[in-house]
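Participant: Before we start, here is the structure in question, set down as structure tokens.
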Amino acid sequence: MDMLYFEDFPVGMVAEYGDVEVNALRIKAFAEQFDPQPFHLDERAAQETMAGGLIASGWHTVVMLHRMNYEGFLKRMASQGGLGVEEIRWTKPVRPGDRLRAKYTVAAARPSKSRPELGIVDFAFEVFNQKDEVVMTETLIALLKRRPKDAP
Amino acid sequence: MSLFFDDLKVGTEAVLGERTFTREAIIAFAILYDPQPFHLSDEAGRASIYGSLIASGWHTASVCMRLIVEHRERERAAATARGEKLPKIGVSPGVRDLRWPVAVRPGDRIVYSYRIERLTETKRPQWGLVTSRTWGVNQDGVEVFSMTGGALWEKLPG
């Protein structure tokens, strides 16, 4: 399995991958630990809120995206973590039974000024549901290794 | 005074709470949600540019969300005790400028705080948008996390 380095993510590159099925048990398990608001915890209580029914925490959708990223490319990538996120937008509710898939576009790529062995890539992610609606967008600033001279 | 949008003030600042990131919690989060090697084991952490196991940035952010909810619940309980009506809780349209300037390592104790930055109208007449800066500082006083997030907030009825 070849490693993916900074040079493998040129500006404009697009990839689509996934998918993951959303279920109520996982929505509630994430929410109980990290986002215990009524519309993430309980179907009946959620009916009474602006969400109109159980919805996933936005942070749960973020980690569902990153789990898809891991299977899709991250486990092969010489990732050195993230520096930050320009923006995350939760554009549609994510509900039990939804099937999510992901897409990235490389928005920018530059070598690190302070660490010549590293590069910085801005990934613009989109997450779609089964109706092809965008439910979330995220722009992540990722740090990864540049291809070593002796790499294949 | 109330917790409704109309009575919120730009510049209001508070400590949300604190959390110690144990090795067990860091690894448990990583297994479920962010299985990159330097979040999963001491060995892989040592081999990375960080030199030790580090918490997933999503773990740092998710704990922040938890402490935001706990802080709101304490404020709502206090308002209920004063006999006030409570605003409905809205959802968040998104966050901006999320940064992880310094890694969070096993045993780090992070204190999270927030400040209300902007109060703006929305297309929904009963809901305003509260924009807050939230940040986390470790036991050495170094900022390890920050973001600017929005939440829809109910206005006083009528």
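The values are calculated or read from the model by the stated rules, or taken from the named source; none is laboratory data. As the structure is a prediction and not an experimental result, all values here were calculated from the model. Because the Cβ atoms are built from the backbone with ideal geometry, glycine has one as well, and the counts that use them run over all protein chains shown.
Participant: Surrounded by fewer than 22 Cβ atoms within 10 Å (Cβ to Cβ) and assigned to a strand (DSSP E or B): which single residue out of A:A45, A:A15, A:A51 fits that description?
Facilitator: A:A15
Participant: Next question, about the same structure. Condition test on A:L100, is it touching a residue at least 40 places away in the same chain (Cβ under 8 Å), more than 13 Å from every other protein chain (Cβ to nearest Cβ), not in a loop (DSSP other than H, G, I, E, B) and not acidic (D, E)?
Facilitator: Yes: the conditions hold for A:L100.
Participant: Can I ask one more? Would you confirm whether or not region B:19-36 contains a residue that is on the phi > 0 side of the Ramachandran plot, modelled with pLDDT of 95 or more and not basic (K, R)?
Facilitator: Checking region B:19-36: not a single residue is on the phi > 0 side of the Ramachandran plot, modelled with pLDDT of 95 or more and not basic (K, R).
Participant: If you check every pair at least six apart or on different chains, which have Cβ atoms under 6 Å apart with a residue in region B:39-57 that is under 24 Å from A:L65 (Cβ atoms) first and a residue that is outside any loop (DSSP other than H, G, I, E, B) and acidic (D, E) second?
Facilitator: B:L53/B:D42
Conditions tested, residue by residue: (1) among the polar types (S, T, N, Q); (2) closer than 20 Å to B:R76 by Cβ; (3) more than 14 Å from every other protein chain (Cβ to nearest Cβ).
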site: A:A31; (1), (2), (3): no, yes, no
site: A:P38; (1), (2), (3): no, yes, no
site: A:R44; (1), (2), (3): no, yes, yes
site: A:A51; (1), (2), (3): no, yes, no
site: A:V62; (1), (2), (3): no, no, no
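Participant: Step by step: first the residues of region B:33-78, then only those that are facing chain A (nearest Cβ under 8 Å) and of a type in the set (A, V, I, L, M), then the one that is surrounded by the fewest Cβ atoms within 10 Å (Cβ to Cβ). Which residue is that?
Facilitator: Among residues in region B:33-78 that are facing chain A (nearest Cβ under 8 Å) and of a type in the set (A, V, I, L, M), the one surrounded by the fewest Cβ atoms within 10 Å (Cβ to Cβ) is B:I49.
Participant: Out of (1) among the basic types (K, R); (2) more than 12 Å from chain B (Cβ to nearest Cβ); (3) not in a loop (DSSP other than H, G, I, E, B), what's the single condition that is false for A:R95?
Facilitator: (3)
Participant: Among the residues of region A:110-131, write down those that are over 14 Å from the mean Cα position of the chain (by Cα) and either of a type in the set (F, W, Y) or surrounded by fewer than 20 Cβ atoms within 10 Å (Cβ to Cβ) (or both).
Facilitator: Those that are over 14 Å from the mean Cα position of the chain (by Cα) and either of a type in the set (F, W, Y) or surrounded by fewer than 20 Cβ atoms within 10 Å (Cβ to Cβ) (or both): A:R110, A:P111, A:S112, A:K113, A:S114, A:R115, A:P116, A:E117, A:L118, A:I120, A:Q130, A:K131.
Participant: While we're looking at this one, here's another question. Filter region A:114-152 for residues that are under 15 Å from A:L100 (Cα atoms), in a strand (DSSP E or B) and among the acidic types (D, E) and give the result.
Facilitator: A:E126, A:E138
Participant: Kindly indicate which of A:A107, A:A142 is closer than 18 Å to B:R99 by Cβ and within 13 Å of another protein chain (Cβ to nearest Cβ).
Facilitator: A:A142
Participant: Out of the residues in region B:116-135 meeting the condition of being over 11 Å from the mean Cα position of the chain (by Cα) and more than 14 Å from chain A (Cβ to nearest Cβ), tell me which one is farthest from B:E70 (Cα to Cα).
Facilitator: This residue is B:E121.
Participant: Filter region B:15-32 for residues that are exposed (fewer than 13 other Cβ atoms within 10 Å of the Cβ) and either in contact with a helix residue (DSSP H, G or I) (Cβ under 6 Å, 6 or more places away or on another chain) or among the aliphatic types (A, V, I, L, M) (or both) and give the result.
Facilitator: B:V15, B:I31
Participant: Now for a different question. Test of understanding: among B:W127, B:W100, which residue is aromatic (F, W, Y) and without any contact (Cβ under 8 Å) to a residue 60 or more places away in the chain?
Facilitator: Of the residues listed, the single one that is aromatic (F, W, Y) and without any contact (Cβ under 8 Å) to a residue 60 or more places away in the chain is B:W100.
Participant: Continuing with this model, one more query. Grab the strands (runs of 3 or more DSSP E) fully contained in region B:53-158, keeping just those with 3 or more residues being within 19 Å of B:T12 (Cα to Cα), of a type in the set (A, V, I, L, M) and at pLDDT 95 or above.
Facilitator: Once the strands (runs of 3 or more DSSP E) in region B:53-158 are filtered for at least 3 residues that are within 19 Å of B:T12 (Cα to Cα), of a type in the set (A, V, I, L, M) and at pLDDT 95 or above, what remains is B:109-121, B:127-137, B:143-154.
Participant: In region A:64-83, what count of residues is obtained for those that are in a helix (DSSP H, G or I) and either within 11 Å of chain B (Cβ to nearest Cβ) or small (G, A, S) (or both)?
Facilitator: Result for region A:64-83: 10.
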